[in-house]
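Encoded as structure tokens, the structure appears first; notes follow it.
What follows is calculated from the coordinates using simple rules that are stated; it is not laboratory data. Remember, predicted model here, so these are calculated numbers, not experimental data. Positions of Cβ are generated from backbone atoms using ideal geometry, with glycine treated the same way; all protein chains shown enter the neighbour counts.
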Amino acid sequence: MSPLSCLLSPLSCLLSPVSCLLSPLSCLLSPVSCLLSPVFCLLSPLSCLLSPLSCLLSPLSCLLSPLSCLLSPLSCLLSPVSCLLSPVLYLLSPVSCLLYPVSCLMSPLSCLLYPVSCLMSPLSCLLYPVSCLLSHLIHVACVCAGHNATRDVVTLVKSVLFHRRNPLHFHFITDTVANQILSALFQSWMVPSVQVSFYDADELKSEVSWIPNKHYSGIYGLMKLTLTKALPADLSKVIVLDTDITFATDIAELWGIFRKFTDKQVIGLVENQSDWYLGNLWKNHKPWPALGRGFNTGVILLYLERLRRIGWEQMWRLTAERELMSMLSTSLADQDIFNAFIKQNPVLVHQLPCFWNVQLSDHTRSEQCYTEVSDLKVIHWNSPKKLRVKNKHVEFFRNLYLTFLEYDGNLLRRELFGCPSPLQNALEELDEDDQCYDFRRERLTVHRVHLNFLQYEYTPAPDGTDVTLVAQLSMDRLQMLEAICKHWDGPISLALYMSDAEAQQFLRYAQASEVLKNRKNVGYHVVYKEGQFYPVNLVRNVALRNAKTPYVFLTDVDFLPMYGLYDYLRRTVVHLDMAHTKKALVVPAFETLRYRLSFPKSKAELLSMLDMGTLYTFRYHVWPKGHAPTNYAKWRTATTPYKVEWEADFEPYVVVRRDCPEYDQRFVGFGWNKVSHVLELDAQEFDLVVLPNAFMVHMPHAPSFDISKFRSSSSYRTCLNTLKDEFHQDLSRKYGPARVRSSGHELTAAAPRGVKLYSLWTFVQWTASRARRGAAGTDGRALRPGNNLF
């Protein structure tokens, strides 16, 4: 905390009259003084002046911060009301008068110890909002439009947060897409002492749409001209940044330059470091007028209060209208108009040192801004080449940028002032001796979410029958994406559980894939990693919430749907009147043990492969209860949809309305994550209807880390059964006990063994395939008794 905060700390006495109640011992020791206190206060007005430290009489205060109140010899002068509020405390400490000279000598040490006392004293956290107000709140504005710009903003914000020591307020001028993405991101990021406000760019377009602009940023490149109108009228100063900025220092240093403005200066800018405005880049190059080399608008200090006072809105309009008569259009968007304005009004600009905007475009003088790379403050990637720009120190700059690009944003959630966050308080309420503490802690974790990480475009189907494939995945399933896109033509909503670094690897993978970069109807939603468990149901819910169609196909990413399933499902939802009935359409699941598979093009071909032992009903050899209720024997010959009854541990893949219940997020890692969802569908009285001409095939992959933990840890399984029981109780309270059926036995480490546990059709299927191929063959190894079948 600053010395100013220390000087103002006596305000805590005003805010805490209850401190008298915290020192009953002192009242017991001197009951007479309590009775005589009003008289004494009248007789001894000087005592108040001589005893600013009397608040220390509270035993708790003395224990927790014995020196903090000694800091303020002016406390009684600043708050005389405190004497009236706590006369008892003043009378109980005659020694304080004797200690007063000592306190003055010790006050510097007290300031050093103040942060410790803040950490030690719960009462200090009550003053946390006041501390925020006492620190300078720094305002930062940025224009952001489109999916790609939101990724750039995240890197910019990371670099600012990494170095900052002050509370921040970000002001974003956004289109609809960026608003949705950034509002969800900051809401889930939960960075302390950061406020975020959004302003609709569509409402500002009319202010600048009349200006022809050749710059690739389009109309959004002109939005900074409107900030005096867009931002709140009571906001006096703001730092304006482009999205391709990286900070290498505390933004408070830049904010402090406002104090160096003269009375007339309203704009702070760095000189342009290219020869653009000198007009010598090529023959007949005619730039907009500028003062000398002109100024770059990637970093701007705007004194909004003064700009409004001089009539900025009218002045820049008149400038633009005058120059457009000869220039016809802008080449560098708002920068051209800012420079033409400054050319006419040079007294209004404050030139910033060039290390506050080191411009890494080609053929610039940026290397003259610093003698050592450690001297620079802000890097501006203002070349279309971005990281491929030519500069002798570009490798250093690139590494700095990549550091923040892949930096774990969870680490930026640290508190500025040392007081515990609401999440920390909630964690303290948990019982650390609880065997399931780690599971319960996971439920309190708030994961950052970046919606639509890549460009997403979707046009709703006019007939209202559209279906979105919904799935989740992590980095180890990335190879499945191209195959799924080839099998499913419709919209897809995918939630990806990744670290910041893995998200960048995914971005490079998607941009290099011809299949993925040509699909715009796939929404990729990144859920950033945190904690020791895979929050599978939370990740599923992110994908489910962001589906845009009336119906959703809830699947897993390691399944390939049959060719044509998308069109088949759209016809089926109409045929079965899904819009007006509660139905969950079951898509039968099969699996192969072969990494290379000639995928069946029809049901007949699938049945042939099933008989040949190339395909199997899903998980029949390790977890038959999961899909046996599908009744595969009936499905072989079915030509119309048929209803099946829910059974314990049934976990089919289903098509439902988008307003179906979400997955229960208490289930993390392996076990009961899909079973619980189907159980709730049954409690809501959904009919389970199997589709006769639909199927999906599970492709082989290495086992997940979570299933290994499930199999190896008895405490893991015990906690899973505890969560299962709690889920049952919650479901009974929600829907009534009569509608919640029993879910069967406890979870065990391995699947049940023995022929009697398998359905007749499963056993016949296994026997037939074994008889055809004997004990050997390509897939025979997977069917031998020693390999989890018997």
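Of Thr465, Thr592, how do they rank once you tally other Cβ atoms within 10 Å and put the fewest first?
Ranked by crowding around the Cβ, least crowded first: Thr465, Thr592.
Taking just the C-alpha trace of segment 167-304, give me its Rg and Dmax in Å.
For segment 167-304, the Cα-based Rg and Dmax read 17.0, 53 Å.
State log₁₀ I(q)/I(0) for segment 135-402 at q = 0.08, 0.11, 0.16, 0.17 Å⁻¹ as given by the Debye formula over alpha-carbon point scatterers of equal weight, solvent excluded.
Each listed q maps to, in turn, -0.30, -0.59, -1.37, -1.58.
Mind sorting Thr639, Thr155 by how few other Cβ atoms lie within 10 Å of their own Cβ, fewest first? Each step should come with its number before you reach the end.
Details: Thr639 8, Thr155 23.
Ranking Thr639, Thr155 by Cβ neighbours within 10 Å, fewest first, gives Thr639, Thr155.
Order these peptides, 139-149, 223-233, by their mean beta-carbon neighbour count within 10 angstrom, highest first.
Peptide ranking by packing, descending: 139-149, 223-233.
Less than 18 Å apart at the alpha-carbon level, and either on another chain or at least 8 residues along: which aspartates and glutamates does that give for Lys158?
Reachable aspartates and glutamates: Asp242, Asp244, Asp250, Glu253, Glu406, Asp408, Glu415, Asp500, Glu502, Glu530.
What lysines sit close enough to Lys734 to cross-link, taking a C-alpha to C-alpha distance under 25 Å and skipping anything fewer than 8 places away on the same chain?
Lys582, Lys583, Lys674, Lys724
If you count, for each residue, the other Cβ atoms within 10 Å and average over each peptide, how do 728-741, 241-254 line up from highest to lowest?
Output ranking for 728-741, 241-254: 241-254, 728-741.
Based on the Cα coordinates of segment 449-773, what is the per residue volume of their convex hull in Å³? Before the final figure, lay out the partial values.
Numbers: hull volume 44.9 nm³, N = 325.
Hull volume over Cα atoms, normalised by residue count, gives 138 Å³.
Tell me, in nm to one decimal, what length is gained between Val446 and Glu321 on full extension, where the rule is 0.36 nm per residue of separation less the Cα-Cα distance? Please report the intermediate quantities before stating the final value.
Numbers: separation 125, 0.36 × 125 = 45.00 nm, distance 5.00 nm.
So the chain would gain 40.0 nm between Val446 and Glu321.
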